[in-house]
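The values are calculated or read from the model by the stated rules, or taken from the named source; none is laboratory data. Nothing here was measured: the structure is a model prediction, and the numbers come from that model. Here the Cβ positions follow ideal geometry from the backbone for every residue, glycine too, while neighbour counts run over all protein chains shown.
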Amino acid sequence: MELSPEEYGTYWRASIRVAAGILVIFFGLRLTSPLRTHPEVGASALGIVLLVMLVFVGSFLAMLGVARVVRTAVDAET
């Protein structure tokens with residue numbers, strides 16, 4: 001697979017998006033852990049809502065990156 005400089009840059013930007021999505025999910029788990037384990041119902045509910053939102057955002061970022069990587073690879077092969 002031969003990549004032009006533009007395709008190479010696109011590939012690495014997409015890889016950074018995938019990594020950013022994984023980091024958002026990871027830190028979302030770590031940062032919401034105290035809220036999710038709190039004995040109060042309101043705090044636990046807030047922790048769950050925040051976790052769901054962060055996992056959604058992280059998954060969205062990662063899938064955008066994966067789609068871009070696949071598109072770049074397909075374009076480079078044709």
Out of all the residues in the range 56-68, is one or more among the aromatic types (F, W, Y) and in contact with a Gly (Cβ under 9 Å, 6 or more places away or on another chain)? yes
Residues of the range 8-43 being of a type outside the set (A, V, I, L, M, F, W, C) and either surrounded by fewer than 15 Cβ atoms within 10 Å (Cβ to Cβ) or in a loop (DSSP other than H, G, I, E, B) (or both), which ones? Y8, G9, R13, R30, S33, P34, T37, H38, P39, E40, G42
Kindly establish whether F56 is touching a residue at least 24 places away in the same chain (Cβ under 8 Å) and either more than 25 Å from P5 (Cβ to Cβ) or among the charged types (D, E, K, R) (or both). no
Hey, could you check the range 46-78 for residues that are in a helix (DSSP H, G or I) and of a type in the set (S, T, Y) and say which is nearest to G21 (Cα to Cα)? S59
Residues of the range 45-56 satisfying the condition of being surrounded by 15 or more Cβ atoms within 10 Å (Cβ to Cβ) and β-branched (V, I, T): V55
Among the residues in the range 69-77, are any loosely packed, with under 12 Cβ neighbours inside 10 Å, among the charged types (D, E, K, R) and at pLDDT below 95? yes
First in the range 1-17 and without any contact (Cβ under 8 Å) to a residue 60 or more places away in the chain and under 25 Å from F60 (Cβ atoms), second anywhere and of a type in the set (A, V, I, L, M, F, W, C) and in a helix (DSSP H, G or I), Cβ under 6 Å, 6 or more apart: A14/V69; R17/L61; R17/L64
